[in-house]
2 protein chains.
Amino acid sequence: MSTPSMTLFHSPASPFVRKVMVLLHETGQLDRVALKTIVLSPVNPNADLNQDNPAGKIPALRLADGTVLHDSRVILEYLDQQHVGNPLIPREGSARWRRLTIASLADAILDAAVMIRYETFLRPQEKHWDLWLDNQQDKIERALTHLEQDAIAELSSAFDIAAISVACALGYLDFRMPDLAWRKRHPKLAKWFAEVSERPSLKATEPPVA
Amino acid sequence: MSTPSMTLFHSPASPFVRKVMVLLHETGQLDRVALKTIVLSPVNPNADLNQDNPAGKIPALRLADGTVLHDSRVILEYLDQQHVGNPLIPREGSARWRRLTIASLADAILDAAVMIRYETFLRPQEKHWDLWLDNQQDKIERALTHLEQDAIAELSSAFDIAAISVACALGYLDFRMPDLAWRKRHPKLAKWFAEVSERPSLKATEPPVA
């Protein structure tokens, strides 16, 4: 058992951290990274984290030489180049751009879901803005519809950066927005998610019970 | 004069679009991209755009074969691989991760500044939340302090993805948050920005008068 050479600023509830953890599982690199658990929110920053990452966000990855990398996309690509297996992010060609675009769409789902979470959970109730919430929810629905109608075959073709990102987005919707009931409207996506959820990498990184 | 083979969903006020435009200037690819100007906000989506990019965000880049790439980071890297000059995103090694991390910090400045813009400009006044605004502003200040104290030499070393991203972030602060008066507290960053602002790529892409 080697001593971990890297430190990952971590929270079990963060879907952006989860993407990194899933990649570490899938590429056999878990023992290279020590986890430093951080509690934070946009209105309750963490001073320790801010010293290493002035953006104040997780995940951040401190390397052996003290360099700190962020955000999740940079970390994912860095870690994907540190193992000898098949890359989970295609290195070049049209596959690279398409898979990264699907991953970006998954991140957009997450951004919208996190915005909804902040609005409904952090912000005082009298300051909630329904038009904002509705538009964030519409964005999620449009993205899910695209995945269901146009991307399901691509998603099923490999468990790579695109699939990891979409799985973490769907897992976050289940975690924070169970009332969305997205499976009813997106049965192919639901079937795909049920299948990939059996992977050890996703089982081991499920969000805590809300 | 060749016919543009790509279409960029564009707004002259978007700092994320500006990064792409600056890269097109710097790499001599302007004539390869037609601009499709889009008017949108998070509470006033654009149906045309949503068809091509369900995330409903700009920039999005439609390629000759109809494929649409997003978001700005994916587009920047794609376009950086379509020219024969020096790459503006290092292809590998520690330079890649450090330059992308600085770019990510610049994006975090932009995300916070855009959040402040949405809060103060779009959201009804009685629903403004000071604690949220204060924390977004703190994030910007922390990031600027890091750039001033720890990254100025790196920024000055090359006008690449890191410098482009920081320049577009500072330009957006001037455009939307002039009262921030960041130059007083960050003189080295101010000097650097004054110098790079003379570049044709930045001059040609200045945001419109607010």
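The values are calculated or read from the model by the stated rules, or taken from the named source; none is laboratory data. Keep in mind that what you see is a predicted model, and the values were worked out from it rather than measured. Neighbour counts run over all protein chains shown; Cβ positions are idealised from the backbone, glycine included. All accessible areas refer to the heavy atoms of the entire protein, side chains included, with ligands and DNA or RNA removed. Shrake-Rupley method; radii C 1.70, N 1.55, O 1.52, S 1.80 Å.
Residue by residue, here is whether (1) within 17 Å of A:Leu88 (Cα to Cα); (2) surrounded by 15 or more Cβ atoms within 10 Å (Cβ to Cβ); (3) out of contact with any Cys (no Cβ under 7 Å at 6 or more places or on another chain) holds:
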site: A:Ile161; (1), (2), (3): yes, yes, yes
site: A:Phe175; (1), (2), (3): no, yes, yes
site: A:Pro178; (1), (2), (3): no, no, yes
site: A:Pro200; (1), (2), (3): yes, no, yes
site: A:Pro208; (1), (2), (3): no, no, yes
Quiz item: Out of segment A:51-62, which residues are open to solvent by less than 30 Å² (accessible area, probe 1.4 Å) and touching a residue at least 24 places away in the same chain (Cβ under 8 Å)?
Solution: A:Asn53, A:Ile58, A:Pro59, A:Ala60, A:Leu61
Practice problem: Hey, could you check segment A:1-20 for residues that are open to solvent by 20 Å² or more (accessible area, probe 1.4 Å) and of a type outside the set (S, T, N, Q) and say which is modelled with the lowest pLDDT? | Solution: A:Met1
Practice problem: Among the residues of segment B:130-155, count how many are in contact (Cβ under 8 Å) with a residue 40 or more places away in the chain and open to solvent by less than 40 Å² (accessible area, probe 1.4 Å). | Solution: 7
Quiz item: Which is touching a Lys or Arg at 6+ places or on another chain (Cβ under 9 Å) and at negative phi, of A:Leu35, A:Leu69, A:Leu23?
Solution: A:Leu69
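One line per residue, one yes/no per condition, for (1) in contact with a Pro (Cβ under 7 Å, 6 or more places away or on another chain); (2) farther than 30 Å from B:Gly85 by Cα:
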| residue | (1), (2) |
| --- | --- |
| B:Ile116 | no, yes |
| B:Asn135 | yes, yes |
| B:Glu141 | no, yes |
| B:Asp150 | no, no |
| B:Ile164 | no, no |
| B:Tyr172 | yes, no |
| B:Ala190 | no, no |
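From B:Val84, B:Val114, which residue is out of contact with any Leu (no Cβ under 8 Å at 6 or more places or on another chain), more than 10 Å from every other protein chain (Cβ to nearest Cβ), farther than 30 Å from A:Asp134 by Cα and of a type in the set (Val, Ile, Thr)? Step through it out loud before you land on a result.
Working: B:Val114 fails: farther than 30 Å from A:Asp134 by Cα.
Answer to the selection: B:Val84.
Do we have B:Pro12 as more than 19 Å from the chain's Cα centre (by Cα), outside the structural domain of B:Ala108 (by TED's automatic domain parsing) and part of a loop (DSSP other than H, G, I, E, B) here?
no
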Practice problem: Quick one: in segment B:25-45, of everything that is more than 13 Å from B:Phe9 (Cβ to Cβ) and without any contact (Cβ under 8 Å) to a residue 12 or more places away in the chain, which residue is surrounded by the fewest Cβ atoms within 10 Å (Cβ to Cβ)? | Solution: B:Asn44
Quiz item: So which pairs qualify, if the first residue must be in segment A:63-82 and within 16 Å of A:Cys168 (Cβ to Cβ) and open to solvent by 10 Å² or more (accessible area, probe 1.4 Å), the second must be basic (Lys, Arg) and assigned to a loop (DSSP other than H, G, I, E, B), the Cβ gap must be under 7 Å, and the two must be at least 6 apart or on different chains?
Solution: A:Asp71/A:Lys57
Exercise. Starting from residues that are open to solvent by less than 20 Å² (accessible area, probe 1.4 Å) and either of a type in the set (S, T, N, Q) or in contact with an Asp or Glu (Cβ under 8 Å, 6 or more places away or on another chain) (or both), keep the ones in segment B:183-198 and report whichever is farthest from B:Phe159 (Cα to Cα).
Key: B:His186
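Just the residues that are in contact with a strand residue (DSSP E or B) (Cβ under 6 Å, 6 or more places away or on another chain) and either in a loop (DSSP other than H, G, I, E, B) or open to solvent by 10 Å² or more (accessible area, probe 1.4 Å) (or both), please, taken from segment A:83-116.
First pass over segment A:83-116, keeping only residues in contact with a strand residue (DSSP E or B) (Cβ under 6 Å, 6 or more places away or on another chain): A:97, A:101.
Once the filter is applied, which keeps residues that are in contact with a strand residue (DSSP E or B) (Cβ under 6 Å, 6 or more places away or on another chain) and either in a loop (DSSP other than H, G, I, E, B) or open to solvent by 10 Å² or more (accessible area, probe 1.4 Å) (or both), segment A:83-116 yields only A:Trp97.
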Exercise. Identify the single condition in (1) charged (D, E, K, R); (2) loosely packed, with under 14 Cβ neighbours inside 10 Å; (3) in a loop (DSSP other than H, G, I, E, B) that A:Asp48 does not satisfy, given that it satisfies every other one.
Key: (3)
Quiz item: Which residues, taken from segment B:23-45, are within 14 Å of chain A (Cβ to nearest Cβ) and either under 17 Å from the mean Cα position of the chain (by Cα) or part of a helix (DSSP H, G or I) (or both)?
Solution: B:Leu40, B:Ser41
Exercise. Please state which of the following conditions A:Asp71 fails to meet, knowing it meets all the rest: (1) of a type in the set (D, E, K, R); (2) under 22 Å from B:Leu110 (Cβ atoms); (3) more than 10 Å from chain B (Cβ to nearest Cβ).
Key: (3)
